[in-house]
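K.L.:
Got a structure here, written out as structure tokens. Questions coming.
The values are calculated or read from the model by the stated rules, or taken from the named source; none is laboratory data. Because the structure is predicted, anything quoted here is derived from the model rather than measured. Ideal geometry is used to build each Cβ from the backbone, glycine not excepted, and the neighbour counts take in all protein chains shown. Note: areas computed on protein heavy atoms with side chains; ligands, DNA, RNA excluded. Shrake-Rupley method; radii C 1.70, N 1.55, O 1.52, S 1.80 Å.
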Amino acid sequence: MLGHYINNKFLKPSPKASTFVVDNPATGETIAVLPKAGRREVNLAVASATAAALDWRRLSASDKAEMLHEASRKMRRHASTLIELLTLEQGKPHLENEEEVVWSYNTFDYYAELGRHSRGRVLPSTEYGVLNMVIKEPYGVVGCIVPWNYPLLLLAWKLAPALAAGNTVVIKPSELTPLPTLSLCEVAFDHFPAGVVNVVLGDGSAGEALVRHPDVPMIAFTGSLATGQKIASHAAPRMKKVHLELGGKDAFVIADDADPRLAAKAVAYAGLINAGQVCTSTERIYVSARIAKPFTVALVDLVRGLKIGAGADPTTDIGPMIGTRYREKTVRHLADAKRRGTRVLAGGKVVQGRGYFHQPTVLVGCDHTMKIMTEETFGPALPIMTYRTFDEAIALANDCIYGLGACLYTSDAKKVHAFYENVKAGTIWINDPLTDNYAGPFGGMKYTGGGRELGEEGLDEFRETKHVHWDIEAKPKSWWLPYGRP
Ligand code: NAD
């Protein structure tokens, strides 16, 4: 199981291969040592995907749909193994990993049916006897580069539509969380024809080799802004299609009519799930000055009661962060905010000892001079700022380079309307933060990148559009001067 997966086989690692270590973020212990892909392995994987591309493209939509459903059925059967691996390697609580696995196999079922029923269209013809058709076709080999925070879900959101659209794939999982992807190859993808699904392991250099490969015309990437910018520039010389889902800094606005205790619960969930390591985490809280006090008291009360621990412990509310490098960023942002005058009302500290834990933290008196309100933190911090008018809240929500999601808590329809009309973000959540819908396109605006996953848009990302103009009778045309002259 522990190697690159190419042509439906795990490649035996060469003894000279350089390796990387995967550890358990709850303890810091090593759980796997894996080979890194160099140019040779990336070339092999791309060659395998290229060889499989034509047959896979020509397979009927129904046959492809059945294979995607079969992958989903196998994932259900092996759900407990996948959940355990996610908990061990990614660290979030068991229950959150259960959700991730359910979402992942449901995504395969959703795209199986969308692919089966998806059609091109016939246009009004330009003249009698001429057929005008719009058809959709796959890119060929798609490179899927995945981050560590939802290793299976973010893979499923790429892999299922890419395959349904008729592409073959080379996956590059995060070097921090490769094990669930390898497990899928072993137990859930083995029925796909050889070469349709391939996996190369390693860090950014394996990802870069995939992006630069001349036979990979499309890259689907989720990850940080900095890496997305590199990928866009490496793909540019060959004008590759690049699908980018990058960072976020989501705002949560609490209107003056909100129930402060309910709003506090919604904010705690949206900001602290997966220890704040979600692209759509609430990272900035704007509360009306009229209810700021009861809201803050309720939030602090709630956060102080949360239990920090390993994801495998069923009593854990908040698991570890993925690693020290990521935890350091939260520490730096908190230090900067404190220097600029914020007050920490709950948490605020690294948890000493084994693993990469950080206390969930509530801080007040924040403003836009602080990194914690302007740069992606990706940790368990809830910075609060008050506002006086709703227009001011909207302006604050928009004062950010990212545009992934935005949340609002209110029962005032006029505020809801003003919010979704004026806030620049790919998803707007009203009173129900971070709830996704298989049919609802997910993605961002501004520096979060373009493109959408999920929904019909998520399938279209993996297809090119072609217009066919066919004069069935091949009549000569008067406008072909001089050839059309009677
Ligand atoms: P990252 O950019 O460090 O790494 C993501 C993936 O890219 C990894 O597999 C990594 O090995 C690979 N990579 C690194 N350098 C590369 C290069 N030069 N060329 C090709 N591939 C390269 O991101 P991360 O730390 O794994 O994930 C966290 C980030 O992902 C956060 O910024 C978060 O907001 C973002 N994210 C966005 C979404 C979204 O839908 N918008 C969802 C989840 C996470």
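K.L.:
May I ask for the angle, rounded to the nearest 10°, between helix 324-339 and the longest principal axis of the chain, with both axes built from Cα atoms and the value confined to 0 to 90°?
P.N.:
Orientation of helix 324-339: about 50 degrees from the principal axis.
K.L.:
With all protein chains present, how much of the accessible area of the stretch 314-458 (probe radius 1.4 Å) comes from carbon and sulfur, to the nearest whole percent?
P.N.:
Whole-percent figure for carbon plus sulfur exposure: 49.
K.L.:
Ordered by packing density, taken as the mean number of other Cβ atoms within 10 Å over each peptide's residues, highest first, how do 435-442, 96-103 rank? Numbers along the way, then the final one.
P.N.:
On the way: 435-442: 14.4, 96-103: 19.9.
Sorting 435-442, 96-103 by mean packing, highest first, produces 96-103, 435-442.
K.L.:
Sticking with this structure for a sec: Among Ala413, Pro476, Val362, whose Cα sits farthest toward the positive end of the charge dipole of the stretch 335-486 (+1 at Cβ of Lys/Arg, -1 at Cβ of Asp/Glu, about the Cα centre)?
P.N.:
Highest projection toward the positive end goes to Val362.
K.L.:
Counting only DSSP beta bridges with both residues in the stretch 59-200, what percent are antiparallel, rounded to the nearest 5?
P.N.:
25 percent
K.L.:
Continuing with this model, one more query. Quick one: the Cα spread of the stretch 225-268 along its three principal axes, in angstroms, biggest first?
P.N.:
Cα extents, longest axis first: 53, 15, 11 Å.
K.L.:
Just how far, in whole angstrom, is the stretch 18-68 from the stretch 189-236 if you go by their alpha carbon centroids?
P.N.:
Their Cα centres are 10 Å away from one another.
K.L.:
To test your reading of the geometry: what angle, between 0 and 90 degrees and rounded to tens, separates the Cα axis of helix 260-272 from the longest principal axis of the chain?
P.N.:
60 degrees
K.L.:
Cβ neighbours within 10 Å, averaged per peptide: list 136-147, 449-460, 161-172 in order, most packed at the top.
P.N.:
Ranking the peptides 136-147, 449-460, 161-172 by packing returns 161-172, 136-147, 449-460.
K.L.:
Going by alpha carbons, how many degrees (0 to 90, nearest 10) lie between the helix axis of 292-304 and the longest principal axis of the chain?
P.N.:
With rounding to tens, the tilt is 80 degrees.
K.L.:
Equivalent-ellipsoid semi-axes (√(5λ), Cα gyration tensor) for the stretch 321-463, whole Å, largest first?
P.N.:
The three semi-axes for the stretch 321-463 are 29, 22, 13 Å.
K.L.:
What are the extents of the Cα atoms of the stretch 206-329 along their three principal axes, in Å, largest first?
P.N.:
58, 36, 23
K.L.:
Cα-Cα pairs above 45 Å in the chain: how many percent?
P.N.:
Of the Cα pairs, 18 percent sit more than 45 Å apart.
K.L.:
Further question: What does the charge dipole of the chain about its Cα centre add up to, to the nearest 20 debye, if the Cβ of each Lys and Arg holds +1 and the Cβ of each Asp and Glu holds -1?
P.N.:
So the magnitude is around 1120 debye.
K.L.:
With unit charges on the beta carbons (Lys and Arg positive, Asp and Glu negative) and the dipole taken about the Cα centre of the stretch 164-272, which residue among Gly223, Phe192, Leu210 sits farthest to the positive side?
P.N.:
The residue sitting farthest along the positive end of the dipole is Leu210.
K.L.:
As a test of reading the structure, rank Ile273, Ile401, Ile472 by solvent-accessible area (1.4 Å probe, protein chains only), most first.
P.N.:
Numbers: Ile273 30, Ile401 75, Ile472 100 Å².
Most to least solvent-accessible, the answer reads Ile472, Ile401, Ile273.
K.L.:
Counting heavy atoms of the protein chains only and a 1.4 Å probe, report the per residue accessible area for the stretch 228-346 as a whole number of Å².
P.N.:
For the stretch 228-346, the solvent-accessible area averages 42 Å² per residue.
K.L.:
I've got another one for you. Could you rank the peptides 276-289, 299-312, 121-134 by their average count of other C-beta atoms within 10 Å per residue, with the highest value first?
P.N.:
276-289, 299-312, 121-134
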